[in-house]
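The structure appears right after this line, and notes come after that.
The values are calculated or read from the model by the stated rules, or taken from the named source; none is laboratory data. None of the values given here were measured: they were computed from a predicted structure. In this analysis, Cβ positions are derived from the backbone assuming ideal geometry, glycine residues included, and neighbour counts consider all displayed protein chains. These area figures cover heavy atoms from the full protein model, side chains too; ligands, DNA and RNA do not enter into them. Shrake-Rupley method; radii C 1.70, N 1.55, O 1.52, S 1.80 Å.
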Number of protein chains: 4
Amino acid sequence: MADLLLPGSYRVDGILDDDALVGAMLTVELAWVRALAATGGASAEDVLATEQAVAGFVPTLDPVAVEGAGNPVLPLVTALRTAIADTDIASRVHTGLTSHDVLDTALVLLARAAAEQTLGALDRVADALARLAGEHRGSVMAGRTLTQYAVPVTFGLTAAQWLIGILDARGALADATGDLPVQCGGAAGTLSRAADLVDDPLATAAAFAAGLGLVAPTLPWHTRRTPVTRLADALVQTCDALGVLADDVLLLGRPEVGEVGEGAAAGRGGSSTMPHKQNPVLSVLVSSAAQRAPLLGAQLHLSAARAVDQRPDGAWHAEWSALRTLLGVTAVAADQAAELTEHLDVHPDHMRRRAESVADQLLAERGDTHDRDLTAYLGVSSRLVERALLRHREVRDDG
Amino acid sequence: MADLLLPGSYRVDGILDDDALVGAMLTVELAWVRALAATGGASAEDVLATEQAVAGFVPTLDPVAVEGAGNPVLPLVTALRTAIADTDIASRVHTGLTSHDVLDTALVLLARAAAEQTLGALDRVADALARLAGEHRGSVMAGRTLTQYAVPVTFGLTAAQWLIGILDARGALADATGDLPVQCGGAAGTLSRAADLVDDPLATAAAFAAGLGLVAPTLPWHTRRTPVTRLADALVQTCDALGVLADDVLLLGRPEVGEVGEGAAAGRGGSSTMPHKQNPVLSVLVSSAAQRAPLLGAQLHLSAARAVDQRPDGAWHAEWSALRTLLGVTAVAADQAAELTEHLDVHPDHMRRRAESVADQLLAERGDTHDRDLTAYLGVSSRLVERALLRHREVRDDG
Amino acid sequence: MADLLLPGSYRVDGILDDDALVGAMLTVELAWVRALAATGGASAEDVLATEQAVAGFVPTLDPVAVEGAGNPVLPLVTALRTAIADTDIASRVHTGLTSHDVLDTALVLLARAAAEQTLGALDRVADALARLAGEHRGSVMAGRTLTQYAVPVTFGLTAAQWLIGILDARGALADATGDLPVQCGGAAGTLSRAADLVDDPLATAAAFAAGLGLVAPTLPWHTRRTPVTRLADALVQTCDALGVLADDVLLLGRPEVGEVGEGAAAGRGGSSTMPHKQNPVLSVLVSSAAQRAPLLGAQLHLSAARAVDQRPDGAWHAEWSALRTLLGVTAVAADQAAELTEHLDVHPDHMRRRAESVADQLLAERGDTHDRDLTAYLGVSSRLVERALLRHREVRDDG
Amino acid sequence: MADLLLPGSYRVDGILDDDALVGAMLTVELAWVRALAATGGASAEDVLATEQAVAGFVPTLDPVAVEGAGNPVLPLVTALRTAIADTDIASRVHTGLTSHDVLDTALVLLARAAAEQTLGALDRVADALARLAGEHRGSVMAGRTLTQYAVPVTFGLTAAQWLIGILDARGALADATGDLPVQCGGAAGTLSRAADLVDDPLATAAAFAAGLGLVAPTLPWHTRRTPVTRLADALVQTCDALGVLADDVLLLGRPEVGEVGEGAAAGRGGSSTMPHKQNPVLSVLVSSAAQRAPLLGAQLHLSAARAVDQRPDGAWHAEWSALRTLLGVTAVAADQAAELTEHLDVHPDHMRRRAESVADQLLAERGDTHDRDLTAYLGVSSRLVERALLRHREVRDDG
């Protein structure tokens, strides 16, 4: 995932790139041989030979062969079989699976790794926001609606709103990640070839799933892409929540506002030409991720809606990069947001001074009969912060 | 929703159009007065006067005023207040709410109505598919992958795959619909104005929600659009499932294939020029819905990711039409799909004849050592159908 | 297009709604009879009878029939034929066309009307921006990049950048509008039926186009949707340019910045709860249009990429609403932007005061060896304004 | 661009990857020094030292530094300056530019290279289609609309329609590529720093453009992204045209239809499990590209609509990957389509036999009074083919 055009991509190094994909495909092929062996379709020798072949195996796949097969699985299987001396054993590797099974399951493994890293980052974000919400539940600031001053709020409430967004997204992502299934249907989703090898192909599928720590689906999902879209929806929801946070930081951090600031870090935020500048780089990058995620998610739904026949002609192929990019973009953004929120500079004095200076506007709704105390017109702000913090504690106690 | 460019829009007549929206906004305003009264912020007279004003009230909103306010709420409130003779009472209507509260809650009411109709239609689709899956669990047909013959499957399994897609979508939509919240935050999400009227504004919010049969959210969601995007994701998932079904029917119903056909209905499928034609109109329309839903969903996520300040400057406004269109498109497509699946013509003899005529290809995977009996190479097809039917029964027993 | 959820939709009243569509379809059917008559395929009596039937004809189309036909053309043709007493003449109406021809051409007529209104509005925007650019070429303001202060610019240059964006979009839209073609291919794009009526069906197609003031395309475009996507791209480009302008106004009009403001108008910008508020309604609505246009354009490209067979099964149907909505959203936004720019309040004193107060930052790039005069570090700002104004004059002289 | 999840990505090896980007950025920095020297802002020594530093320079950019700067330019400039012994000269490298200038211009260079390769591939596609259109102008086949039999067409006309689509796209892409501009505005688009170095910064900008073979824009386009979106629209249009072709080949190549087939090539189209299978791999991959392009284009428009301030905070960053991916996907798909169309197997006998077997349906529109000769009901098919071929010759003579 090293990518000069995705600053911060180093944060997912080794998790989503082509090498990780090849490794995951080999893991899948080995898990299948083991599952066959566990259910009477392969021998201990088959497993041993496959384990030896897979160990440290880093095949180079001919790109022309990848294109010729339409995906990298067939070239990988060929390379793997070549690496096994015994041709009988070699011929049994991958038998019963289709390339669709292997690639889907390998992408699920990558997805799990990326999503777990994302969940860890979201926990850090949530903890940082909970701290901010608590510390600033009394920090009065101007509420702004449609860009203009509204009524007073607190920065604690602002952080609490971000927090609930993150917690909701975290929950959706954990749910989607926890249910990730193997793909296991054979050529047309009937496990017909596997049924020639074992008595109970669904038991083999279950063993395959168990071996990978994944779920065995009710039915193969070659043409029912809910596992992909459900994960995608959760990733997009995550980026939505991160985007609101980042865009708010960018607005509140404009020099004319100056109510929050991105914590300075050595070597960050510099300009190539203006020595004074301290660009809010993390917020900018998180915002850009949030601007991209919805279309990546839509891509996956478009493919899901077009998954025809027993396996489709192009819709599936349009998924792969969108899914990998969405996983990477979200994981990077979540990690950047963790750093952002953990080091956010908050300026409650600026907030209060500005709010007091425009108190007439902030209190106009209330009418003239009251005094000018902003803190007397905060409504349920404090109770809402409490609710958010309670929710945070519940989630963290669960986790 | 009468719309010549959305054939079938009559199926949601009166549920989503501007009149329904105005009605919903009045319902919301009345529910708020009642909630205030229930919690000490308004009198029985206020409620009575508002009830009388709202009853049968069909205000005409000046479109220039709607634009001037940026949304239809302020003109509606003005009209409603004018309809109440007592100016003191009139001035209390809407007090404590913001236009954002009213429009969000009104759209939630429309969403609930449309989603409930959609759920009913999905139940019909699921029942029809369960019947097809059961009846045709033994109907052998050619499996097709990447457009070419693969291994044999059954039409029952094909229907079972569609069925699981529908059941999953139904579940997601029911979950999203069951949790729909009121919006209730006042000018900047603090309920500050309400706090001047009642002792416990959160109790008022809870009464407001209860009065409308909706959920009271933990925090206002002016800038945290999860209720919208969660519903949208479920609607898009619904269209995904419907789209696969429709596109498969279109492929299997091509005259060169002829394995299924859209049931004929008087006055349907005719051509303006070719007398012989019987166009698969329902499938075509359902497919077109599925081609549209993902971008409508993405629109809502883009808005969610940009919900800045205490209430945003444009992102919210970009939601409304996308949400209404997505609700309408999905409800219409689900209803069309109910009719499509309930009257689907299935031709198991054609399926079998074709499969037998290309048995060499369908059995090539198996190798040469077996006989040519297609039914002996169906793997776990029948067990997968059983799983789907079991799942269907469980869902229907729950419902 | 009256639509409570598209504030400002009154600005396109009567241009894009279902009545306008029915009118356009009747215009198309009449133009076809006339074209047939001009090329030997119909009689003067046919033309006269059709003219009489069409005049003032406002058929009510049964929505169930519209769905049954898959589009409104067949019900319309049936109604029109019924309105013609002579059944021989009646049977010749529409003969040679397919419903796809009629609906595409009718939508082109609506598109032309909406685009022409949009072009007029863009001219107003351009004139207003040219005036602003000229008046404020010396109005120094802080340049802002990545939200932070950069080097000084002028408001004139800012307006000049907006101006070039508008002029580019205007050019693209004028080009796309000027080339709009009729659709005229008959059942499968061969004009086979027409060839039974006239000697030279392409001459009939040319007469058809001439009668409507449209272009006769090289080939029918049932499956080659470039006329639609080219127009859509220009509309999206228009919204892009409007969106930048609106978002900049929103940022510069934030109360903490206060360098521009939306001109006040009676009854505009009010809040339903806060008496002091003056919301920048036009900018908000224009911004929301710009947030929607890209996905509507993408919808049309998705359909274009899927226009299979001689006429496709769903992709075409997915176009209609997206095109109509995109036309409406753009026309409304352009008109709103005209009003916005014509009445924009610019505060050059505020700009200058702020710039001077942060001169250290704005001049940091230059290094320490120069004086602190901001106007001495404006680079080519003034020459760029001149270029933009020259471009504006050239475009307006052409127009 | 080596990417296992984009089969065929080897076709753009070395054109779009990070190494190519670094090379392009160095080319841009050198071109700027040369432009300064040509207009009095740098010395011959500066040029020589920069040339020497750039020659063969392959810097490794620290990914943390890339993220800290928000893009790869600042780390690259630092590395380049370090590679120049004379610190005075080193300090002048990049002076007058901003990182936005360098990255935009470098991406334009990559875009030009990819687009030129795409144009070459489109020429091959067009030539192949022109040959097919000419050879098969008499090859009668069943016309199909909404999936059902319509009236007869010819395969020549089908190919002619594809051809016009390709020629239109080629024209749009050539126009967009021919106008690609440098980006050259300095910190905030005023060339303020450059104005301290040279008398006429716009002359420097012009020399910069000339040195790179690009256009000098009227104004910098940091916030006016038309060069990007115009190119993107042309790329999406290209994929639209390719997608129609690929999807038609997939439909006509279904085994039940069998009217065209993807030419067999050694090692292509194999299945990982079914020995008989010959998957239409190229068509599948081209179709998947067409399913992706519209959303990538929409991403660029979303960024264009949000290009605020003098340089925006996230919208620009969201462009980069979308643009690179769109360029790569299109170039690969065009190249694959060239191979596909040059080796397309056409089966006119199958076409004719099927058409004759359903002649009753294909001629139903005509009524009963004519004979059953399909070729007598082809309308203007042949003349439309002529028009397309004429257009092809004109385009090719121009080229």
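Are any residues in the stretch B:31-59 touching a residue at least 60 places away in the same chain (Cβ under 8 Å), aliphatic (A, V, I, L, M) and surrounded by 20 or more Cβ atoms within 10 Å (Cβ to Cβ), and if so, which ones?
From the stretch B:31-59, those touching a residue at least 60 places away in the same chain (Cβ under 8 Å) are B:31-36, B:38-42; that's our starting set.
From the residues that got through so far, the ones that are aliphatic (A, V, I, L, M) too are B:31, B:33, B:35-36, B:38, B:42.
Of everything in the stretch B:31-59, those that are touching a residue at least 60 places away in the same chain (Cβ under 8 Å), aliphatic (A, V, I, L, M) and surrounded by 20 or more Cβ atoms within 10 Å (Cβ to Cβ) turn out to be B:ALA31, B:VAL33, B:ALA35, B:LEU36, B:ALA42.
Suppose we filter C:ALA241, C:ALA265, C:ALA246 for residues that are surrounded by fewer than 24 Cβ atoms within 10 Å (Cβ to Cβ), at the interface with another protein chain (Cβ under 8 Å from one of its Cβ atoms) and within 22 Å of C:GLY120 (Cβ to Cβ); which single one remains?
Of C:ALA241, C:ALA265, C:ALA246, the one residue that is surrounded by fewer than 24 Cβ atoms within 10 Å (Cβ to Cβ), at the interface with another protein chain (Cβ under 8 Å from one of its Cβ atoms) and within 22 Å of C:GLY120 (Cβ to Cβ) is C:ALA265.
As for the stretch B:14-30, it holds no residue that is surrounded by fewer than 16 Cβ atoms within 10 Å (Cβ to Cβ), in a loop (DSSP other than H, G, I, E, B) and either on the phi < 0 side of the Ramachandran plot or acidic (Asp, Glu) (or both).
Across the stretch B:161-193, what is the total count of residues that are in a helix (DSSP H, G or I) and more than 7 Å from chain A (Cβ to nearest Cβ)? Please lay out each step first, then the result.
Restricting attention to the stretch B:161-193, the residues satisfying the condition of being in a helix (DSSP H, G or I) are B:161-178, B:192-193.
Still in the running and more than 7 Å from chain A (Cβ to nearest Cβ): B:162-163, B:166-167, B:169-178.
Count: 14.
When you scan the stretch B:160-173, do you find a residue that is over 20 Å from the mean Cα position of the chain (by Cα) and buried (at least 24 other Cβ atoms within 10 Å of the Cβ), even just one? So far as the stretch B:160-173 goes, yes, one or more of its residues are over 20 Å from the mean Cα position of the chain (by Cα) and buried (at least 24 other Cβ atoms within 10 Å of the Cβ). Taking the criterion of being part of a strand (DSSP E or B) and touching a Lys or Arg at 6+ places or on another chain (Cβ under 7 Å), the residues of the stretch D:139-160 that qualify are D:VAL140, D:ALA142, D:THR145, D:GLN148, D:ALA150, D:THR154.
Of all residues in the stretch B:214-226, those that are more than 10 Å from chain A (Cβ to nearest Cβ) and touching a residue at least 60 places away in the same chain (Cβ under 8 Å) total 1.
One residue stands out among those in the stretch C:37-67 that are of a type outside the set (A, V, I, L, M, F, W, C), in contact with a Leu (Cβ under 9 Å, 6 or more places away or on another chain) and closer than 28 Å to B:VAL284 by Cβ: the one that is farthest from the other protein chains (Cβ to nearest Cβ), which is C:PRO59.
Of the listed requirements (1) open to solvent by less than 10 Å² (accessible area, probe 1.4 Å); (2) more than 11 Å from chain D (Cβ to nearest Cβ); (3) without any contact (Cβ under 8 Å) to a residue 12 or more places away in the chain, A:SER357 misses just one: (1).
Looking at the stretch B:278-289, is at least one residue open to solvent by 20 Å² or more (accessible area, probe 1.4 Å) and more than 27 Å from D:GLN291 (Cα to Cα)? Within the stretch B:278-289, one or more residues are open to solvent by 20 Å² or more (accessible area, probe 1.4 Å) and more than 27 Å from D:GLN291 (Cα to Cα).
How many of the residues making up the stretch D:249-262 are outside any helix (DSSP H, G or I), within 14 Å of chain C (Cβ to nearest Cβ) and under 13 Å from D:VAL284 (Cβ atoms)?
2
Within the stretch D:101-125, residues that are within 13 Å of chain A (Cβ to nearest Cβ) reach partners that are among the small types (Gly, Ala, Ser) with beta carbons closer than 8 Å, at six or more positions or on different chains, in the pairs D:ASP101/D:GLY185; D:ASP101/D:GLY186; D:VAL102/A:SER272; D:ALA106/D:ALA24; D:LEU107/D:ALA24; D:LEU110/D:ALA20; D:LEU110/D:ALA24. Selection of the stretch C:91-133 for residues being closer than 30 Å to C:VAL346 by Cα and not small (Gly, Ala, Ser) yields C:GLU116, C:GLN117, C:THR118, C:LEU119, C:LEU122, C:ASP123, C:ARG124, C:VAL125, C:ASP127, C:LEU129, C:ARG131, C:LEU132.
Selection of the stretch D:196-209 for residues being crowded, with 23+ Cβ neighbours inside 10 Å and within 22 Å of C:GLY367 (Cα to Cα) yields D:PRO201, D:THR204. Checking every residue in the stretch A:33-43 against the condition of being out of contact with any Asp or Glu (no Cβ under 9 Å at 6 or more places or on another chain) and either under 29 Å from A:VAL308 (Cα atoms) or in a helix (DSSP H, G or I) (or both) gives at least one match.
Meeting the requirement of 2 or more residues that are more than 25 Å from C:LEU197 (Cβ to Cβ), the helices (runs of 4 or more DSSP H) wholly within the stretch C:44-119 are C:63-69.
Given the options C:LEU251, C:LEU295, C:LEU235, name the one that is open to solvent by less than 10 Å² (accessible area, probe 1.4 Å) and either farther than 24 Å from B:SER321 by Cα or free of Cβ contacts under 8 Å to residues at least 24 places away in the same chain (or both). Give the steps one after another, and end with the answer.
On the way: C:LEU251 fails: open to solvent by less than 10 Å² (accessible area, probe 1.4 Å); C:LEU235 fails: either farther than 24 Å from B:SER321 by Cα or free of Cβ contacts under 8 Å to residues at least 24 places away in the same chain (or both).
On inspection, the qualifying residue turns out to be C:LEU295.
Flag: D:THR147 matches the condition of being within 26 Å of B:SER271 (Cα to Cα) and among the hydroxyl-bearing types (Ser, Thr, Tyr).
Could you list, in sequence order, all residues of the stretch A:318-347 that are in a loop (DSSP other than H, G, I, E, B) and open to solvent by 10 Å² or more (accessible area, probe 1.4 Å)? Let's see the steps before the verdict.
At the first step, the residues of the stretch A:318-347 found to be in a loop (DSSP other than H, G, I, E, B) are A:318, A:343-344, A:347.
Scanning the stretch A:318-347 gives A:HIS343, A:LEU344, A:HIS347.
With respect to the conditions (1) surrounded by 19 or more Cβ atoms within 10 Å (Cβ to Cβ); (2) free of Cβ contacts under 8 Å to residues at least 24 places away in the same chain, A:ASP62 lacks only one, and its number is (1). Criterion first (open to solvent by 10 Å² or more (accessible area, probe 1.4 Å), within 8 Å of chain C (Cβ to nearest Cβ) and either in contact (Cβ under 8 Å) with a residue 60 or more places away in the chain or assigned to a helix (DSSP H, G or I) (or both)) does B:ARG306 satisfy it? In short, no. The set of residues in the stretch B:367-381 being touching a helix residue (DSSP H, G or I) at 6+ places or on another chain (Cβ under 8 Å) and surrounded by fewer than 19 Cβ atoms within 10 Å (Cβ to Cβ) consists of B:HIS370, B:ARG372.
Selection of the stretch C:137-149 for residues being closer than 16 Å to C:LEU384 by Cβ and open to solvent by less than 20 Å² (accessible area, probe 1.4 Å) yields C:SER139, C:VAL140, C:MET141, C:GLY143.
Name the single residue that is farthest from B:GLY23 (Cα to Cα) among those in the stretch B:120-138 being charged (D, E, K, R) and in a helix (DSSP H, G or I). Spell out how you get there, then give the answer.
Residues of the stretch B:120-138 that are charged (D, E, K, R), as a first pass: B:123-124, B:127, B:131, B:135, B:137.
Imposing the further condition that a residue be in a helix (DSSP H, G or I) reduces the set to B:123-124, B:127, B:131, B:135.
Working: B:ASP123: 28, B:ARG124: 29, B:ASP127: 34, B:ARG131: 40, B:GLU135: 46 Å.
Taking the candidates together, the pick is B:GLU135.
Of all residues assigned to the stretch B:70-85, none qualifies as being under 30 Å from C:LEU110 (Cα atoms), surrounded by fewer than 18 Cβ atoms within 10 Å (Cβ to Cβ) and within 14 Å of chain C (Cβ to nearest Cβ). Among the conditions (1) open to solvent by less than 10 Å² (accessible area, probe 1.4 Å); (2) not in a helix (DSSP H, G or I), the only one that B:GLY270 does not satisfy is (1). For A:SER91, the conditions (1) surrounded by 13 or more Cβ atoms within 10 Å (Cβ to Cβ); (2) farther than 18 Å from A:ALA106 by Cα; (3) more than 9 Å from every other protein chain (Cβ to nearest Cβ) are fulfilled apart from (1).
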